[in-house]
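What follows is a short report on a single structure.
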Amino acid sequence: MINVNARSVSAQGEAFKPVVIERRDPGPLDVLIDIDFCGVCHSDVSHTRHSKGTTRYPIVPGHEIVGRVTAVGAQVSRFAVGDRAGVGCMVYSCRECESCKAGMEQYCRHEHIRTYNGILDGEVTLGGYSEQIVVDENYVIPIPDSLTSAVAAPLLCAGITMYSPLRHWQVGPGSRVAIVGFGGLGHVGVQISAALGAHTTVLDIDDAKRADAMRLGADDYRLTTDPEVFTELTESFDLILSTVPAALDYDGLLGLLARDGTFVNLGVPKQPISIDVYSLLRKRRSMSGARIGSIAETREMLEFCGAHGIAAEIEMIDADGLDEAFDRVERGDVRYRFVLDVKTMSAI
């Protein structure tokens, strides 16, 4: 076993503390990664602070991991020592179900194994707020030379969460896309949508982010607090991606879709949502959801972002700043993603 310094929360309501955790010795297909950076995702906060009710304590969060390969198993063929490598939201899946065989591990019939707070080989998985991680090479992603490590880290969750539905619904030149919420996901989604050639509109409640949205490629920016927006933009979009984990005026937003348009939920409200079915029937609209992306899609997304100069806008934090960063994420006080500098994780 390998002893590794990490930051962990041991119970609901407690602060992060330095701990030593154990990583398995690399097996034949495993890659050992020295972690340089790990993004701080909103779901890290949700799981760590137990708002989802499914947390296994003690928890080491982090699923936006970028570092350097320092050891490989005897059968590893995709990575060599010294390569930059990333790990996203999953570290294993069954590989036998229809979804896995189709290369869509994120929809594994038996549930993919999450990078943290999952169960793998009878042990709780521990994430990227740590100095090293050992992962099967099939769930490790090469980082293109065109992306720096720190800005690439959030793409492993925020980037793929936006890229996968944009590609699935075949967004391209002539497409009309709206993104609800210009935050950690939305600011990356705008860049990807624009690079795909779509006319891209941001729908938000805060006008203070308008300039950033336009700078990153948005063609329009509208406030959903203005009731006239729902009249002016009626039937204007082919695809709406909602990044907001809160109750929305779904019927109002569905009314912004053209015939055969699709509304995709990426954020997860705490309560079940409610819609008037006529919001769908009137124009043969659809309401859907999407869950991160596959390993192959994630590789494709990173190459696409590197080729188009797409990156997360980040604020770097050190390990002792995690609690404050979590508080700020809950307040929405970040533009637009925190990234943990793992080198600040002092020895215990």
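Scanning segment 75-116 for residues that are in contact with a strand residue (DSSP E or B) (Cβ under 7 Å, 6 or more places away or on another chain), charged (D, E, K, R) and in a loop (DSSP other than H, G, I, E, B) yields a single hit, D83.
Checking segment 32-39 against the condition returns a match, with at least one residue being under 28 Å from A311 (Cα atoms), out of contact with any His (no Cβ under 8 Å at 6 or more places or on another chain), open to solvent by 30 Å² or more (accessible area, probe 1.4 Å) and of a type in the set (D, E, K, R). Filter segment 225-281 for residues that are among the small types (G, A, S) and within 24 Å of R291 (Cβ to Cβ) and give the result. Matches in segment 225-281: S242, A246, A247, G261, G267, S274, S279.
So, R7, is that one basic (K, R), within 21 Å of L156 (Cβ to Cβ) and surrounded by fewer than 21 Cβ atoms within 10 Å (Cβ to Cβ) or not? When the stated conditions are applied, R7 does not pass them.
In the set (1) over 25 Å from I317 (Cβ atoms); (2) without any contact (Cβ under 8 Å) to a residue 60 or more places away in the chain, the condition left unmet by Y139 is number (2).
Listed conditions (1) touching a Lys or Arg at 6+ places or on another chain (Cβ under 8 Å); (2) among the charged types (D, E, K, R); (3) not in a loop (DSSP other than H, G, I, E, B) are all met by E235, apart from (3). Residues in segment 154-192 that are open to solvent by 10 Å² or more (accessible area, probe 1.4 Å) and of a type in the set (F, W, Y): W169 only.
All of V134, V151 fail the test of being in contact with a Pro (Cβ under 6 Å, 6 or more places away or on another chain), within 25 Å of R78 (Cβ to Cβ) and either in a loop (DSSP other than H, G, I, E, B) or open to solvent by less than 60 Å² (accessible area, probe 1.4 Å) (or both), apart from V134. Just the residues that are within 25 Å of V151 (Cβ to Cβ) and in contact (Cβ under 8 Å) with a residue 12 or more places away in the chain, please, taken from segment 207-230. Across segment 207-230, the qualifying residues are K209, D212, A213, L216, G217, A218, D219, Y221.
Would you confirm whether any residue within segment 37-45 is over 19 Å from the mean Cα position of the chain (by Cα) and not aliphatic (A, V, I, L, M)? Checked against the condition, which is being over 19 Å from the mean Cα position of the chain (by Cα) and not aliphatic (A, V, I, L, M), segment 37-45 yields no hits at all.
Considered as a group, the residues in segment 203-225 that are in a loop (DSSP other than H, G, I, E, B) and within 30 Å of S46 (Cα to Cα) include one that is most open to solvent (accessible area, probe 1.4 Å), and that residue is I205. In the set (1) closer than 30 Å to R23 by Cβ; (2) open to solvent by 10 Å² or more (accessible area, probe 1.4 Å), the condition left unmet by A195 is number (1).
Taken together, E105, E96, E111, E123 contain a single residue that is crowded, with 23+ Cβ neighbours inside 10 Å and among the acidic types (D, E), which is E105.
The values are calculated or read from the model by the stated rules, or taken from the named source; none is laboratory data. None of the values given here were measured: they were computed from a predicted structure. Cβ atoms come from the backbone with ideal geometry, glycine included; neighbour counts cover every protein chain shown. Only protein heavy atoms, including side chains, enter the accessible area calculation; ligands, DNA and RNA are left aside. Shrake-Rupley method; radii C 1.70, N 1.55, O 1.52, S 1.80 Å.
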